[in-house]
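*Asks:* This structure is in structure tokens; I'll ask about it shortly.
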Amino acid sequence: MEVFANLALGLQTATGLENLLYCFIGVCLGTAVGVLPGLGPVTTIAMLLPLTFGLPPVAALIMLAGIYYGAQYGGSTTAILVNMPGEASSVVTALDGYQMARQGKAGRALATAAIGSFFAGTVATLIIALFAPPLAEVALTFGPAEYFSLMVLGLVAAIVLAHGSLLHAAGMILIGLLLGISGTDVNSGAVRYTLGISELVDGIGFVALAMGLFGVGEVIANLEHGSERRVSVGTIDRLMPTREDCKRIVGPILRGTALGSLLGVLPGGGALLAAFGAYTLEKRLSKNPGEFGRGAVEGVAAPEAANNAGAQTSFIPMLTLGIPSNPTMALMVGAMIIQGIQPGPSVMGEQPALFWGLIVSMWIGNLMLLILNLPLIRIWVIMIRFPYHFLYPTIVLFCAIGVFSLNNTNFDVYLLALFGLLGYVFRKLDAEPAPLLLAFVLGPMMEEFLRRALLISRGDPLVLVSRPVSAAMLIIAAGLVVMVITPALRRTREKAFQEEL
Amino acid sequence: MRVAVGRRKDFWTGVIYIVIGLSALVIARNYALGSAARMGPGYFPTAVALLLTAVGVTIVVRSFVREGELVDRFAWKPMLLVLGSIVAFGILINRAGLPLAAVVLVLGCAAASERFRIGWPPMLGMAALVAFCVIVFVIGMGIPMPLIGPWFTGIGE
């Protein structure tokens, strides 16, 4: 079987001493920063991204992936212990996890989350190994028209799955596209939207954009609340689930993993939707749904498994098509481009060691999390207790140094401030900036594919619908839009996001 | 109800979209549009900017007819302090060097908190943080950031 040969190559790459070390550092740093209340995975990754610039590409991506799971896991820990979910998808974990913690079952909740995440991570890694190669092969046959339509589909799905207003998300996408194409047009050499600023000729710095919108914007928004949130962590009991817990969580973990793996591939908030979906599903299936929200262990197991499976399978479209399905993947794409790798179907063929090494390292990273996190829980608790007013100046300082270090220009630092302002304003207006980041990454590619598609067809836009694959994608995209505009379905969507909150 | 439109979140989001869309449209007039078969540098941005303006107009119009949440108060002080500190860092980093730029940023940011106090423990913490940055980023990772900038050495910028 080719899969095993590939996985063996990956294992060889990922278990190299250097890569193991970077995976370990990534997982630890990711968890340490991720447990800090109020810091979501996107901010964590954006903040830690500069640490990977000096590394070789394989090590850098392995470390970033480690940071990603670490941050996710850390976020769940904080959600369970102090009811402060750092991101939308761990909101669900907080519902029952925090209740368990209040009943003195924090250790069991944490262990359940860890086991659920590890199992989901293992399955999702296998799914990537099985499905990524055939998908990449299909993708290699895609022409510019197919790619353009695929990106349209991706962006439309991101709008549909974004929470909040559809029009707001659509606007965010369009702003992202505009920001993405600023700088030199690869085709004509024309310099666009630089306002005469020479530093912008190479385009807007991705790192400054991501750190500003998410990191700095978040810091200012957190400061708004004035009087500080008191963080109190109860005592943590035994760190092993009971025999009865084990019996109760098998089903939820299996179902959560399945749902998460499936939804994670979708563009937009796949992991978020998976966590909500898995929770609702368990509640429906449960014999005593009244327990949910009052510390049901199933309510921790299912969303955690779904969340982690989704986080993992969201790598599939990124690795095989070069299309990020969520802001975190947009950051990964940005990191790959900074490392000189253009993500897409050819990465697997041209750099098998990188591709398979990354996949195997995902599993190793999950294993490390499982082994490390429970014993290290006391350290994470210390991190959680760290007062925010000492913390945020450090966050801002790391962002500023990170942005500066990329190109050694102070202009990027000013951009950081500008996007920080934008990020804060968008937050105040309830306009979620996540779709912007996706579109920013896709902007230049979309323009280029559209240009090529129309060049081949001599300007006939029908090329987008006369090729079957391209047409199918546009039809799905149109279908999604229709579905969302239809009032009945629209209510379901709103309900899906609001239920249980 | 009518009075409140100017304070609605929807309204202002739409206004921002329109402003960005129209500015992008105006700027794109300087770029050759080309034709569909030979898209010029202005083709794609013009299309996107038009769409953005349309989305913005729709949101603004809708905000007049639909109830919506109101914008609550901006935290001006934290916002200006944090953003100002970042800009100050940008100005100082090449001129005065990393340690001073970092101290200014940390103090400026910290002042945004209600709990900001000058005292020994936070000062020592800041010194440790700055030392950490110097050791890890400049010495460890070799990022070329001056430690003592031209302002102090007297060599022109």
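Please treat every number below as a calculation from the coordinates, not as lab data. None of the values given here were measured: they were computed from a predicted structure. All Cβ positions, glycine included, derive from the backbone under ideal geometry; neighbour counts span all protein chains shown.
*Asks:* Could you pull out the longest piece of chain B with no exposed loop chymotrypsin sites (Phe, Trp or Tyr not before Pro) in it, calling a site exposed if DSSP puts it outside H, G, I, E, B and it has at most 15 other Cβ atoms within 10 Å?
*Replies:* B:1-73
*Asks:* Work out the length of the dipole vector of segment A:248-337 about its Cα centre, built from +1 on the beta-carbon of each Lys and Arg and -1 on the beta-carbon of each Asp and Glu, and round it to the nearest 20 debye.
*Replies:* 240 debye
*Asks:* Please tell me which of these pairs span more than 27 angstrom C-alpha to C-alpha: A:Lys105/A:Lys287; A:Lys247/A:Lys283; A:Lys105/A:Lys428?
*Replies:* The answer is A:Lys105/A:Lys428.
*Asks:* Which angle from 0 to 90°, rounded to the nearest 10, does the C-alpha axis of helix A:57-82 make with the longest principal axis of chain A?
*Replies:* Long axis of A:57-82 versus the principal axis of chain A: about 40 degrees.
*Asks:* At a threshold of 8 angstrom on Cα-Cα distance, excluding pairs fewer than six apart, so keeping six or more, what relative contact order does chain A reach in percent?
*Replies:* Relative contact order comes out at 28 percent.
*Asks:* Right, next: Roughly how tilted is helix A:166-181, in degrees to the nearest 10 and between 0 and 90, from the longest Cα axis of chain A?
*Replies:* Taking Cα atoms only, the helix is inclined about 50 degrees.
*Asks:* With a Förster radius of 35 Å, plug the Cβ-Cβ distance of A:Val481 and A:Asn408 into 1/(1 + (r/R0)^6) and report the FRET value to the nearest 0.05.
*Replies:* 0.20
*Asks:* If I fit a long axis through the Cα atoms of helix B:43-65 and take the longest principal axis of the Cα atoms of chain B, what angle between them do I get, 0 to 90°, rounded to 10?
*Replies:* So the helix axis and the longest Cα principal axis differ by about 80 degrees.
*Asks:* Based only on the alpha carbon positions, what is the Kirkwood hydrodynamic radius of segment A:251-352, in angstrom? Each step should come with its number before you reach the end.
*Replies:* Numbers: mean 1/r = 0.0697 Å⁻¹.
It is 14.4 Å.
*Asks:* Put +1 on the Cβ of every Lys and Arg and -1 on every Asp and Glu Cβ in chain A; which of A:Leu262, A:Gly104, A:Ala210 then has its Cα farthest towards the positive end of the dipole?
*Replies:* It is A:Gly104, whose Cα lies furthest towards the positive end.
*Asks:* How would you rank A:Asp185, B:Asp10, going from fewest to most other Cβ atoms within 10 Å of each one's own Cβ? Could you put the intermediate results ahead of the total?
*Replies:* Numbers: A:Asp185 22, B:Asp10 26.
Fewest-to-most ranking of A:Asp185, B:Asp10: A:Asp185, B:Asp10.
*Asks:* Sticking with this one: Each label point is 7 Å from the Cα along the Cα-to-Cβ direction; what then is the distance between the points at A:Ile371 and B:Trp76, in nm?
*Replies:* Result: 5.6 nm between the two label points.
*Asks:* Tell me what chain A gives for mean residue ellipticity at 222 nm when only DSSP H runs of n ≥ 4 count, each as -39,500 (n - 2.57), the sum divided by the residue total, rounded to 500 deg cm²/dmol.
*Replies:* The per-residue figure over chain A is -24000 deg cm²/dmol.
*Asks:* Cα centroids of segment A:310-380 and segment A:53-105: how far apart, whole angstrom?
*Replies:* One Cα centre to the other: 16 Å.
*Asks:* Among A:Val219, A:Leu200, A:Phe411, which residue has its Cα positioned farthest towards the positive end of the charge dipole of chain A, with +1 placed on the Cβ of Lys and Arg, -1 on the Cβ of Asp and Glu, and the dipole taken about the Cα centre?
*Replies:* Of A:Val219, A:Leu200, A:Phe411, it is A:Val219.
*Asks:* Using a Förster distance of 25 Å, how high is the FRET efficiency between A:Val3 and A:Cys246, based on the Cβ-Cβ distance and rounded to 0.05?
*Replies:* 0.25
*Asks:* Have a look at A:Ala5, A:Pro317, A:Asn366 and report the one farthest towards the positive end of the charge dipole of chain A, computed about the Cα centre with Cβ charges (Lys/Arg +1, Asp/Glu -1).
*Replies:* A:Asn366
*Asks:* Which log10 I(q)/I(0) values does segment B:96-152 give at q = 0.12, 0.25 Å⁻¹ under the Debye formula, counting every alpha carbon as one identical point scatterer?
*Replies:* At q = 0.12, 0.25 Å⁻¹ the computed log10 ratios are -0.32, -1.00.
*Asks:* Bin width 10 Å, alpha-carbon pairs only: give the P(r) of the protein assembly as shown as whole percents, running from 0 to the bin holding the largest distance.
*Replies:* Over the protein assembly as shown, the share of Cα pairs per 10 Å bin runs 3, 15, 26, 28, 19, 7, 1, 0 percent.
*Asks:* Here's a follow-up. Given R₀ = 22 Å, what would the calculated FRET efficiency be for A:Leu195 paired with A:Leu166, taking r from the Cβ atoms and rounding to 0.05?
*Replies:* 0.10
*Asks:* Turning to a different aspect of this structure: How many angstrom lie between the Cα centre of segment A:447-463 and the Cα centre of segment B:58-121?
*Replies:* Between the Cα centre of segment A:447-463 and that of segment B:58-121, the gap is 45 Å.
*Asks:* Quick one: order A:His225, A:His389, A:His168 by neighbouring beta-carbon count within 10 Å, fewest to most. Don't skip to the answer; put the middle values down first.
*Replies:* Numbers: A:His225 13, A:His389 18, A:His168 25.
In increasing order of surrounding Cβ atoms, one gets A:His225, A:His389, A:His168.
*Asks:* Could you please state, rounded to a whole Å, how far the C-alpha centre of segment A:144-214 is from the C-alpha centre of segment A:401-433?
*Replies:* Here the two parts' Cα centres lie 15 Å apart.
*Asks:* Also, quick follow-up: With the alpha-carbon atoms as the only input, what is the per residue convex hull volume for segment A:380-466 in Å³?
*Replies:* Dividing the Cα hull volume of segment A:380-466 by its residue count gives 204 Å³.
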